[in-house]
Amino acid sequence: MAAPESPLTVQAKSLPHSEESERAVLGALLLDPERLKGTRARLRTEQFYFERHQLVYAAMLALADEGHAADLVTLGARLDQAGKLEAAGGLAYLAGLDVDLPDVGRLDSYAEIVVERALRRSLITRAVELVRDAQGSGRPGGELLAELAAWSRSQYAGRATVSSMADVMDGTLAAVEEASADRSGSTLLRFGLKAVDRWIPAGLRPGQLIILAGRPGSGKSAAALGVAQHNAQAGRGVVYFSDEMSREELGMRLLAAETGIPSQSLLTGHLSARQCQAMVTAARALAELPLHIDDSGATTPERIREVGHSLASRQPLGLVVVDYLQLMRPAEARRLPNRNAELEALTRGLKQLAKELAVPVLALSQLTRDNERRGGGDHRPKLSDLRGSGSIEQDADMVVFLHHEHEYDATAAVDRAEVILAKHRNGQTGTAHVAWNAGTTQFRDLDLGPAPF
């Protein structure tokens with residue numbers, strides 16, 4: 001068997017390109033110059049593989065900037081004036097660009113092929129550079145990975161994001177029709193508590209950054225696990241990143257919530273025969289869920305991107321949960337002046353990830369102690385209590401607080417809690433009253449019956 005080919009030999013071969021698609025783009029633009037306005041928003045000159053095509057496209061753009069339409073005469077004259085006509089193939093080559101053009105109406109498809117091939121060439125070049133750095137330099141591996149992630153972000157950000165109003169309205173109407181087709185809301189991502197979901201009738205939406213915040217011990221992880229489990233049970237792929245608890249600890253919490261067996265009993269193994277049977281049954285059901293846990297303890301936006309794309313390549317991904325924000329560090333942390341700047345980079349990165357992966361990202365966050373020091377007897381958290389940076393509030397589409405009044409008022413019920421929707425970019429804010437079981441670390445609807453154990 002032949003030895004695997006070294007990546008360093010790739011550049012000696014022909015890099016990905018499509019001469020037919022490049023010719024089709026230029027031919028279509030000669031036949032319909034008005035289409036250049038839309039094409040230039042998604043296709044850059046340097047993304048053409050052949051130099052002669054780069055010259056032709058650049059001349060078309062220059063003519064358009066001067067208010068002239070590019071036809072065979074004006075294009076030839078422009079290239080001739082610049083001394084580039086021969087390098088562009090001459091008038092005979094220009095005249096033949098549209099000869100084999102399949103369909104001028106498919107210009108956008110041809111342009112997308114050119115862009116895709118250019119991205120592949122860029123990826124190959126960057127990969128070769130990375131291999132050389134990894135083999136021949138003393139730079140830390142983490143630094144190389146961070147550099148690769150930054151390059152990946154720049155490639156994604158460089159893709160066309162400008163849409164005509166016709167495209168915007170087509171997408172908007174499709175979204176409304178999709179929502180109307182399922183009035184039951186069964187396909188929506190939900191919080192999983194009826195009292196909360198009534199404030200979020202459209203569900204948790206792709207591209208949203210949702211912040212779930214509370215003081216230590218308020219049940220942030222319990223609430224987030226409940227959201228993850230509820231949506232996984234609805235068939236949505238979920239990935240839960242935990243920098244605080246191990247996968248076994250999270251598994252214990254899921255079992256406690258599913259069976260009603262107190263977490264302490266599971267931890268000590270003091271279980272009755274009936275509880276053992278219930279635990280085994282629940283474990284089998286949980287094992288079938290499309291719920292994945294990453295407890296590597298090194299969560300960064302780059303790590304989430306890597307895992308998210310990997311999972312999405314195998315099954316649809318519906319939700320990303322990050323537990324929790326203040327334990328994360330951005331890859332560029334060493335270059336940032338302070339922790340607030342780090343948090344700004346993190347929330348910005350998570351918001352971008354939500355859009356890139358087309359899923360909602362639920363990120364847990366700590367609160368300051370300002371609510372404990374506030375006078376007037378109302379200790380409910382406010383947006384200003386978010387710990388670390390105003391960027392958390394700014395970047396979030398939704399901010400949800402957990403509040404236990406009995407921590408401040410001895411007469412308040414210990415088995416009650418408030419879920420406060422403090423910010424809702426596209427909807428109403430409000431407060432939901434729910435049940436809280438400290439033994440199983442579980443939030444439940446108030447209208448549910450008692451736990452079986």
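The values are calculated or read from the model by the stated rules, or taken from the named source; none is laboratory data. These numbers come from a predicted model, not from an experiment. Cβ coordinates were reconstructed from backbone atoms using ideal geometry, including for glycine residues, and neighbour counts include every protein chain displayed. Protein only, heavy atoms only, side chains kept; ligands, DNA and RNA dropped before computing areas. Shrake-Rupley method; radii C 1.70, N 1.55, O 1.52, S 1.80 Å.
Contact map, region 327-345: residues that are over 24 Å from K220 (Cβ atoms) and modelled with pLDDT under 75 paired with residues that are open to solvent by less than 80 Å² (accessible area, probe 1.4 Å) and among the β-branched types (V, I, T), Cβ distance under 9 Å, separation 6+ or inter-chain. Pairs shown: A331/T300. Within region 211-232, being more than 20 Å from L383 (Cβ to Cβ) and either crowded, with 24+ Cβ neighbours inside 10 Å or without any contact (Cβ under 8 Å) to a residue 24 or more places away in the chain (or both) holds for G217, L225, V227, A228, N231.
Yes/no matrix, rows are residues, columns are (1) among the hydroxyl-bearing types (S, T, Y); (2) surrounded by 12 or more Cβ atoms within 10 Å (Cβ to Cβ); (3) at pLDDT 85 or above:
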residue: I113; (1), (2), (3): no, yes, yes
residue: R120; (1), (2), (3): no, yes, yes
residue: R153; (1), (2), (3): no, yes, no
residue: M169; (1), (2), (3): no, no, no
residue: S180; (1), (2), (3): yes, no, no
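Can we say Y57 is aromatic (F, W, Y) and in contact with a Leu (Cβ under 7 Å, 6 or more places away or on another chain)? Taking the combined requirement at face value, the residue satisfies it. For region 11-53, which residues satisfy the criterion of being basic (K, R), under 18 Å from D71 (Cβ atoms) and within 30 Å of the chain's Cα centre (by Cα)? Correct list: K37, R40. In region 308-326, is there at least one residue being among the basic types (K, R), without any contact (Cβ under 8 Å) to a residue 40 or more places away in the chain and exposed (fewer than 14 other Cβ atoms within 10 Å of the Cβ)? For region 308-326, residues among the basic types (K, R), without any contact (Cβ under 8 Å) to a residue 40 or more places away in the chain and exposed (fewer than 14 other Cβ atoms within 10 Å of the Cβ): present. Can you name every residue in region 262-297 that is among the β-branched types (V, I, T) and modelled with pLDDT under 85? Hit for region 262-297 is T268, nothing else. Could you please find all residues in region 280-307 being surrounded by fewer than 17 Cβ atoms within 10 Å (Cβ to Cβ), within 15 Å of L350 (Cβ to Cβ) and among the hydroxyl-bearing types (S, T, Y)? Scanning region 280-307 gives no hits. Here H68 fulfils each of the conditions (1) crowded, with 18+ Cβ neighbours inside 10 Å; (2) in a loop (DSSP other than H, G, I, E, B) apart from (1). All of V10, V73, V25, V56 fail the test of being open to solvent by 40 Å² or more (accessible area, probe 1.4 Å), in a helix (DSSP H, G or I), modelled with pLDDT of 90 or more and aliphatic (A, V, I, L, M), apart from V73. Residues in region 81-102 that are open to solvent by 70 Å² or more (accessible area, probe 1.4 Å) and touching a helix residue (DSSP H, G or I) at 6+ places or on another chain (Cβ under 9 Å): K84, E86, L91, V99, D100, P102. Selection over region 401-422 of residues that are assigned to a strand (DSSP E or B) and either open to solvent by 40 Å² or more (accessible area, probe 1.4 Å) or of a type in the set (K, R) (or both) gives a count of 1.
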